[in-house]
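Rule-based calculations on the coordinates, nothing more; no lab input. These numbers come from a predicted model, not from an experiment.
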Amino acid sequence: MGCVSWGETSEAVGWLRKMEERNSNPNEVVYSTLMHGLCKDGFVSEALGLCLEMGSKGIRPDLVTYTCLIQGLCNFRRWKEAGSLLDEMMKMRVMLFAKKGNLCRQKV
């Protein structure tokens, strides 16, 4: 997924589709990486679409996924959607805990 770090998110999404064609099931890390690249490149709506796709495949968004999307939405002043995602994150019981300067993920 080096394509994402090079700013070639459309190519990276193409790799996702190739993985699916070959019955190689992408996980939350693959999806979150793509969503991060899409948000960074200004394609927040597309990133949200990938999150919905991820959920439809039974892959639960994690802290990284939510953080990426919320940050992307805030960067484009989409405050209401960011707030809705934060509410969803809390409803799904994905929470942050600070411990000695490190952020840790915990699903309760």
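How big is region 9-75 in terms of Cα radius of gyration and Dmax, in angstroms?
Considering region 9-75 through its Cα atoms, Rg and Dmax are 11.1, 35 Å.
Need the full-extension length gain, residue 27 to residue 92, defined as separation in residues times 0.36 nm minus the C-alpha distance. One decimal, nm.
So the chain would gain 21.6 nm between residue 27 and residue 92.
What list of ³J(HN,Hα) values in whole Hz, one per residue of region 85-93 in order, does the Karplus curve 6.51 cos²θ - 1.76 cosθ + 1.60 (θ = phi - 60°) give from phi, with Gly and Pro shown as x?
5, 4, 4, 4, 4, 5, 5, 7, 6
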